[in-house]
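First up is the structure itself, then whatever we jot down about it.
The values are calculated or read from the model by the stated rules, or taken from the named source; none is laboratory data. Everything numeric in this text was worked out from a predicted model, so none of it was measured. Counting neighbours? That spans all protein chains shown, and the Cβs are built from the backbone with ideal geometry, glycine included. Quick note on the areas: whole protein, heavy atoms, side chains included, nothing else; ligands and nucleic acids left out. Shrake-Rupley method; radii C 1.70, N 1.55, O 1.52, S 1.80 Å.
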Amino acid sequence: MSEPGTTIELERPLPPGSRIGILGGGQLGRMLAMAAARLGFHCHIYSDIAAPPAAQVSERLTVGGYDDLEALAAFADNVDVITYEFENVPVTAAAHLSAHRPVSPPPRALAVAQDRLTEKDFISGLSIAVAPYSNIDGTEPLPASIDDLLPGIIKTRRLGYDGKGQIPVMTRGDLEAACRSLSGSPLILEQKIDFAFEVSILVARGADGTLAFYDIPRNEHRGGILRRSTVTDEIVTPDVAAQARVIGQRIAEALDYVGVLAVELFVEAEGKIPSLRVNEIAPRVHNSGHWTMDACATDQFENHIRAICRWPLGPTTRRQDIEMVNLIGDDVSRWPEIASDGEAKLHLYGKDEAREGRKMGHVNRVIPRAGSA
Ligand SMILES: Nc1ncnc2c1ncn2[C@@H]1O[C@H](COP(=O)(O)OP(=O)(O)O)[C@@H](O)[C@H]1O
Ligand SMILES: [Mg+2]
């Protein structure tokens, strides 16, 4: 074993037949494992829940806590490289693992993305625009300057996803009530951005620093959960796309990132030229990139696997206009209808219980181009 604090990197491309460890067993882990299997790799899932969706398509599963250093070390000993499919893997676990095996993306990306305050400090530190924000440190009374951020959204700094742990606030009274109802968790207040629409940029960065960008989807949310991503040539102008790529590149390079990184962006159409503001980053493959599975030469999952295994990235070229719709909760009961629609490509995650708000699958549909029959 190497010295504490040192990290290990792959020196050459990992050959097919090697073993990839994935922390987390949800649908993203499942789709990563399927992409890895296509390239001849074996996957070992580490999850804190029994029978997670990713384990159905992987060779091995370890069920253990993310604080169980012994179980994590045994998992590391059984794999050649480690990645993760969700950003709430404790940084201590990722750092512990990186003393045993190469871990990509770098644990620092987790540390930055796990806390909305650290994340905003980091991104604004790169001179990239974010929503104006303030840490709410729990001491009363709230300073007068906080009123400048209203109307706003109060968010828990950690562990929020799919709009959970967020309360819109119009007035100081709302803010005080929201702070009380979320008390106990560190909070951040963000100004509510009056955006025209939301997009994201997905960047793949190889171990040698090579970058590849996917086309930019427009993302629509319902109840805080991504509902639809649409990708056509008309979503953003070439200028805005170039701006988004620069943002993605600067964040990926500042983190010395290896793998696929998603950056969620607000597009503001105030002036003549639309401008971009970063909402948040995800140091992993992302729901707004699921359309790549049926529209791109190499999808986001395969490029993530290629990057972490020190392979060359595959081309991200998009072959067609496409729309991805999430199947959330009961939506999944429409599977027979979707399955009989020849234009629809159905992806189901193998989850047995269609609870409200739970992502059960998604459907990709090619959008016919104007002029084509
Ligand atoms: N500052 C903001 N201004 C306007 N809308 C916001 C803001 N923050 C979040 N939202 C809306 O809520 C959605 C979810 O918020 P986000 O911070 O991305 O959390 P999550 O981790 O749940 O995805 C965003 O995609 C956007 O639609
Ligand atoms: Mg988000």
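Points worth noting:
- Residue check, Leu202 within 16 Å of ligand 2 (Cβ to nearest atom) and either not in a loop (DSSP other than H, G, I, E, B) or not hydroxyl-bearing (Ser, Thr, Tyr) (or both): yes
- Any hit, region 100-111, residues being farther than 28 Å from Asp162 by Cβ and modelled with pLDDT under 95: yes
- Gln166 meets each of the listed conditions (1) polar (S, T, N, Q); (2) within 10 Å of ligand 1 (Cβ to nearest atom); (3) loosely packed, with under 15 Cβ neighbours inside 10 Å apart from (3).
- Within region 199-223, residues that are within 30 Å of Glu11 (Cα to Cα) sit with their Cβ atoms under 7 Å from residues that are modelled with pLDDT under 95 and open to solvent by less than 60 Å² (accessible area, probe 1.4 Å), at 6+ positions apart or across chains, in these pairs: Ala207/Leu10.
- Taken over region 270-291, the residue count meeting the criterion of being within 16 Å of ligand 2 (Cβ to nearest atom) and open to solvent by 10 Å² or more (accessible area, probe 1.4 Å) is 7.
- Qualifying residue in region 233-249 (condition: farther than 26 Å from Tyr84 by Cα, within 15 Å of ligand 1 (Cβ to nearest atom) and surrounded by fewer than 21 Cβ atoms within 10 Å (Cβ to Cβ)): no
- Note on region 25-137: enclosed strands (runs of 3 or more DSSP E) holding 1 or more residues that are small (Gly, Ala, Ser), free of Cβ contacts under 8 Å to residues at least 40 places away in the same chain and crowded, with 18+ Cβ neighbours inside 10 Å are 42-47.
- Scanning region 123-170 for residues being within 24 Å of the chain's Cα centre (by Cα) and either within 16 Å of ligand 2 (Cβ to nearest atom) or under 23 Å from His221 (Cα atoms) (or both) gives a total of 23.
- Failed criterion for Glu190 (all others in (1) under 19 Å from the mean Cα position of the chain (by Cα); (2) of a type outside the set (Gly, Ala, Ser); (3) within 13 Å of ligand 2 (Cβ to nearest atom) hold): (1)
- The set of residues in region 250-267 being crowded, with 17+ Cβ neighbours inside 10 Å and either within 16 Å of ligand 1 (Cβ to nearest atom) or over 16 Å from the mean Cα position of the chain (by Cα) (or both) consists of Ile251, Leu261, Ala262, Val263, Glu264, Leu265, Phe266, Val267.
- The residues of region 133-161 that are within 13 Å of ligand 1 (Cβ to nearest atom), out of contact with any Lys or Arg (no Cβ under 8 Å at 6 or more places or on another chain) and over 11 Å from Ile188 (Cβ atoms), listed by number, are Leu159, Tyr161.
- Only one of Arg228, Arg158, Arg222, Arg172 that is open to solvent by 60 Å² or more (accessible area, probe 1.4 Å) and either aromatic (Phe, Trp, Tyr) or closer than 23 Å to Thr118 by Cβ (or both): Arg158
Condition check ((1) crowded, with 19+ Cβ neighbours inside 10 Å; (2) within 18 Å of the chain's Cα centre (by Cα); (3) basic (Lys, Arg)) across all residues:
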site: Arg310; (1), (2), (3): yes, no, yes
site: Trp335; (1), (2), (3): no, no, no
site: Tyr349; (1), (2), (3): yes, yes, no
site: Ala354; (1), (2), (3): no, no, no
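- Look at region 347-359: where a residue is more than 14 Å from Gly25 (Cα to Cα) and a partner is acidic (Asp, Glu) and at pLDDT 95 or above, sitting 6+ places away or on another chain with Cβ atoms under 9 Å, you get His347/Asp294; Ala354/Asp330; Ala354/Asp331; Glu356/Asp330.
Conditions tested, residue by residue: (1) under 25 Å from Val263 (Cβ atoms); (2) modelled with pLDDT of 95 or more.
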position: Ala50; (1), (2): no, yes
position: Phe86; (1), (2): yes, no
position: Val91; (1), (2): yes, no
position: Glu119; (1), (2): yes, yes
position: Ala129; (1), (2): yes, yes
position: Tyr133; (1), (2): yes, yes
position: Ile136; (1), (2): yes, no
position: Thr139; (1), (2): no, no
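- Members of region 139-155 that are surrounded by fewer than 14 Cβ atoms within 10 Å (Cβ to Cβ), farther than 20 Å from Gly224 by Cα and out of contact with any helix residue (DSSP H, G or I) (no Cβ under 8 Å at 6 or more places or on another chain): Thr139, Glu140, Pro141, Pro143, Ala144, Ser145, Asp148
- Yes/no for Gly342 being assigned to a strand (DSSP E or B) and away from ligand 1 (no atom under 16 Å from the Cβ): no
- So Gln300, is it crowded, with 18+ Cβ neighbours inside 10 Å and either over 20 Å from Val81 (Cβ atoms) or among the acidic types (Asp, Glu) (or both): no
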